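Quick notes on the structure that follows.
Bear in mind these aren't lab numbers, they're just calculated from the coordinates by the rules spelled out. Because the structure is predicted, anything quoted here is derived from the model rather than measured. Positions of Cβ are generated from backbone atoms using ideal geometry, with glycine treated the same way; all protein chains shown enter the neighbour counts.
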Amino acid sequence: MHDSRSWWLAAAELYIAECEARASSVRASEFASRMQRTPVQLVREFRHSVGFCVKVYFSSRQIARAAELLRTTRRTTADIALRVGFGTARSFFRAFRRSTGMSPAEFRRSSSSHI
């Protein structure tokens, strides 16, 4: 099971990086297609191998990357949202607040005060 976990995580990381490079949305359905799985198969196999849902993994990686960009760049939140694979700035804002408890702007202000 450990080997399949590593394989799934490596494939997911590669997909996320490709989406970021072309500033396109991260979509579980597209990932499933790339992995030659139906969305249902992807969810089942990813969860079985990794231990949690693929959408949760994508979201956590996107939020972590966005937080890094908020701390280290002056990019707008809209640009960061698109760069890390959210379809809209609004969906990014909601996901970021849900994950961190603050807005991207609040996070940026609090992070810059520690630098």
(request) Putting +1 on Lys and Arg Cβ atoms and -1 on Asp and Glu Cβ atoms, find which of F92, L69, A12 reaches farthest to the positive end of the dipole of the range 2-112. (result) F92
(message) Using Cβ counts within 10 Å as a stand-in for footprinting exposure, how do C19, C53 rank, fewest first?
(response) C53, C19
(request) Quick one: order S29, S24 by neighbouring beta-carbon count within 10 Å, fewest to most. (result) S29, S24
(request) Would you work out the charge dipole size for the range 2-112 about its Cα centre, treating the Cβ of every Lys and Arg as +1 and the Cβ of every Asp and Glu as -1, and quote it to the nearest 20 debye? (result) 400 debye
(request) Fewest Cβ neighbours within 10 Å first, please rank S91, S49 accordingly. (result) S91, S49
(message) Loop-only chymotrypsin sites (Phe, Trp or Tyr not before Pro) in the range 10-71, please: DSSP not H, G, I, E or B, and at most 16 other Cβ atoms within 10 Å.
(response) F52
